[in-house]
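Notes to accompany the following structure.
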Amino acid sequence: MLELSRAGFIKICGVTNVDDATIVVKSGASAIGLNFADSPRRVTLEQARDVLEVTRGQILNCAVFRSGDDAFILDTLAALDVEMVQLHDEISGDLLHRLRERELIVIKALNIDDAELEEFNELSVDVVLVDGPRPGSGEAHSWDRLFARPFRVPVIVAGGLNSKNVANVIALTNAWGVDCASGVESAPRHKDPELVQSFVFNARQMFGQEE
């Protein structure tokens, strides 16, 4: 189970194939993200199952949803064996109840520019992820609004992160975790082994977890 009291969570999101999943596992990252949102990195159930065959028991697996209704989310989760779910849209009470029944770690993604950043009751979930205005775009953004909004649950930061800036962002935000997709790719849907390894290494060093 994820130790929420200790900082140092590193998720590589947008994993689409077995080769990239293997790269991420070998890097020592904490989790991979399987994207079921409308995105260049979206995966099918079959692709997700192929990835899970090589990651299960080696790393935490997170299913990521945006603009999907409750039925789609629950049907997808029923077909997979993941430990975490990341939701970008409003979470209904029924959906949250069903996720709790599955004993999933629930991450709520919040847009740094949206009013929901201040209004969302973070105690309803396990973790919040603060992302940029366009998730998955690789665009950096200001963290000013995050500084004015203390959270009572662990915070993952995302948006424009890469191996060169991840340490500075961790120091600046005092984040519990980091999330990266395009910043460790050689091309969309293709993770670069060196970029993944350096991203994880630099983040772990900043978190004080270097080996």
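No lab work stands behind these numbers, since they all come straight from the coordinates. Since the structure is predicted, the reported quantities are computational estimates derived from the model, not experimental observations. Reconstructed Cβ throughout: ideal geometry from the backbone, glycine too, with neighbour counts over all protein chains shown.
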- Query: Scanning the range 76-104 for residues that are touching a Cys at 6+ places or on another chain (Cβ under 8 Å) and in contact (Cβ under 8 Å) with a residue 40 or more places away in the chain, which turns out nearest to residue 178 (Cα to Cα)?
  - Reply: 86
- Task: Output the residues belonging to the range 160-181 that are farther than 22 Å from residue 107 by Cβ and among the hydroxyl-bearing types (Ser, Thr, Tyr).
- Result: 163
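So that you can scan it fast, the table gives a plain yes or no per residue for (1) surrounded by fewer than 16 Cβ atoms within 10 Å (Cβ to Cβ); (2) under 17 Å from residue 106 (Cα atoms); (3) not aliphatic (A, V, I, L, M):
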residue: 15; (1), (2), (3): no, no, no
residue: 26; (1), (2), (3): yes, no, yes
residue: 32; (1), (2), (3): no, yes, no
residue: 39; (1), (2), (3): no, no, yes
residue: 60; (1), (2), (3): no, yes, no
residue: 63; (1), (2), (3): no, yes, no
- Residue count for the range 146-203, restricted to those that are β-branched (Val, Ile, Thr), within 14 Å of the chain's Cα centre (by Cα) and outside any helix (DSSP H, G or I): 4
- Mind checking whether some residue in the range 93-107 is under 16 Å from residue 12 (Cα atoms) and crowded, with 17+ Cβ neighbours inside 10 Å? yes
